[in-house]
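Q: Attaching a single structure in C-alpha cells format; questions to follow.
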C-alpha cells in the first residue's frame, strides 16, 4: 500500500485542509503483508469519515485499516472536516458542499480513483456515521453503499439527549436555530425520501454496541430504515463508544462492501 498525507487548498472552505489516503499497491516481496490491485487503472474507493473529536489521521492511528485493505485493492480516502457534522454550517464552513462535491473531484484529480457509482462507498463512525449515511442518502447516484459504525443517526435533538457531547450553542452554529425535522439534514426523513424516489438506492450497513450512548438513536434509524424498501444490514452486540469496537467492526464493513469482480 501507498500512504499519502495530502495537504491542499479548498476553494469551498476558503482554507488549507488535509486528507489521508491509502492507495493499492501490488507487492511481491513485502515481509509480513501482501498487496494487490484489482487489475484496473482506476481504483474503487472507500471514503472513510472521522468522528466529532478527531481528524483525517485517526483511522490510521487507532485501527489497522491499511493492513485490512491491503489485499482488497481498494483506495481509502480519509478527509478532515473538524466538528462540522459534514454540514454546510449555519455559522461556519460549507462542509457538506466540500465533502459531497469538491473533495471527490479533487481526490480524483490527484489520484487514480474511479468515478463510477459502483466503485464508490462511504463509511464512518459516530459523527462520521451521520456523514456517511447522509452522503449515501443524498447522493445515491454517486455512492453504491454507505456504512455507519455507532453513528449519530438522529441528530434533531442531539444536544438535548447528549449534552456531554454537544451544547445547544454548538448545535445551532452547525444546524441553525430552525427545526431540522423533515429536512435533508434529518436522516430519518431522508430514508423515506429516497425510498419514495424512483432513483438509485444505496446499500446500507449499520452497527452499534448495546452499551453505546447512541444505541437508542441507532434503533430509531434502524426501525425507520426497516419500514422502507431500502436494503439495510444491521448488527448489534456488546460494545461501547470506543476504538476497540470500531477496529473490529470496520473489518465487517470491508467484508460487506459490494466490490465488483
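Q: Keeping to the stretch 211-235, report how many residues are outside any helix (DSSP H, G or I) and more than 21 Å from residue 256 (Cα to Cα).
A: 5
Q: Given the condition surrounded by fewer than 19 Cβ atoms within 10 Å (Cβ to Cβ) and touching a strand residue (DSSP E or B) at 6+ places or on another chain (Cβ under 6 Å), answer yes or no: does some residue in the stretch 63-83 qualify?
A: Scanning the stretch 63-83, I find at least one residue that is surrounded by fewer than 19 Cβ atoms within 10 Å (Cβ to Cβ) and touching a strand residue (DSSP E or B) at 6+ places or on another chain (Cβ under 6 Å), so the answer is yes.
Q: Something else: Name the residues in the stretch 93-127 that are closer than 15 Å to residue 20 by Cβ, touching a helix residue (DSSP H, G or I) at 6+ places or on another chain (Cβ under 7 Å) and surrounded by fewer than 22 Cβ atoms within 10 Å (Cβ to Cβ), would you?
A: If the condition is that a residue be closer than 15 Å to residue 20 by Cβ, touching a helix residue (DSSP H, G or I) at 6+ places or on another chain (Cβ under 7 Å) and surrounded by fewer than 22 Cβ atoms within 10 Å (Cβ to Cβ), then 113 is the only one that fits.
Q: Considering only the stretch 236-255, state which residues are part of a helix (DSSP H, G or I) and either more than 16 Å from residue 71 (Cβ to Cβ) or free of Cβ contacts under 8 Å to residues at least 60 places away in the same chain (or both).
A: Taking the stretch 236-255 as the starting set, the residues that turn out to be part of a helix (DSSP H, G or I) are 243-255.
Correct list: 243, 244, 245, 246, 247, 248, 249, 252, 255.
Q: Restricting to the stretch 211-220, name every residue that is farther than 15 Å from residue 128 by Cα and touching a residue at least 60 places away in the same chain (Cβ under 8 Å).
A: 212, 220
Q: Output the number of the condition that residue 48 fails; it satisfies all remaining conditions of (1) crowded, with 18+ Cβ neighbours inside 10 Å; (2) on the phi < 0 side of the Ramachandran plot; (3) out of contact with any strand residue (DSSP E or B) (no Cβ under 7 Å at 6 or more places or on another chain); (4) touching a residue at least 40 places away in the same chain (Cβ under 8 Å).
A: Against the list (1) crowded, with 18+ Cβ neighbours inside 10 Å; (2) on the phi < 0 side of the Ramachandran plot; (3) out of contact with any strand residue (DSSP E or B) (no Cβ under 7 Å at 6 or more places or on another chain); (4) touching a residue at least 40 places away in the same chain (Cβ under 8 Å), residue 48 comes up short only on (3).
Q: Another question, if that's okay. Can you name the residue in the stretch 36-45 that is closer than 20 Å to residue 253 by Cβ and modelled with pLDDT under 95 and, of all such residues, is surrounded by the most Cβ atoms within 10 Å (Cβ to Cβ)?
A: First, pick out the residues of the stretch 36-45 that are closer than 20 Å to residue 253 by Cβ: 36, 38, 43-45.
Subsequent filtering for residues that are modelled with pLDDT under 95 retains 36, 38.
Details: 36: 16, 38: 18.
Top of the filtered list is 38.
Q: Against the condition at pLDDT 95 or above and within 30 Å of residue 248 (Cβ to Cβ), how does residue 172 come out, does it pass?
A: For residue 172, the condition - at pLDDT 95 or above and within 30 Å of residue 248 (Cβ to Cβ) - is not met.
Q: Restricting attention to the stretch 130-173, and to residues there that are in a loop (DSSP other than H, G, I, E, B) and in contact with a strand residue (DSSP E or B) (Cβ under 8 Å, 6 or more places away or on another chain), which single residue is nearest to residue 102 (Cα to Cα)?
A: Once the filter is applied, the top-ranked residue is 142.
Q: Here is a follow-up. Only one of these is in contact with a helix residue (DSSP H, G or I) (Cβ under 7 Å, 6 or more places away or on another chain) and modelled with pLDDT of 95 or more: 18, 57, 10. Name it.
A: Just a single option satisfies the conditions, and that option is 10.
Q: So residue 13 passes all but one of these: (1) farther than 18 Å from residue 128 by Cβ; (2) touching a residue at least 60 places away in the same chain (Cβ under 8 Å); (3) assigned to a loop (DSSP other than H, G, I, E, B). Which condition number does it fail?
A: Of everything listed in (1) farther than 18 Å from residue 128 by Cβ; (2) touching a residue at least 60 places away in the same chain (Cβ under 8 Å); (3) assigned to a loop (DSSP other than H, G, I, E, B), residue 13 misses just condition (1).
The values are calculated or read from the model by the stated rules, or taken from the named source; none is laboratory data. In this text the structure is predicted, and so the values were computed from the model without any measurement. Note that each Cβ is placed from the backbone with ideal geometry, even for glycine, and that neighbours are counted across all protein chains shown.
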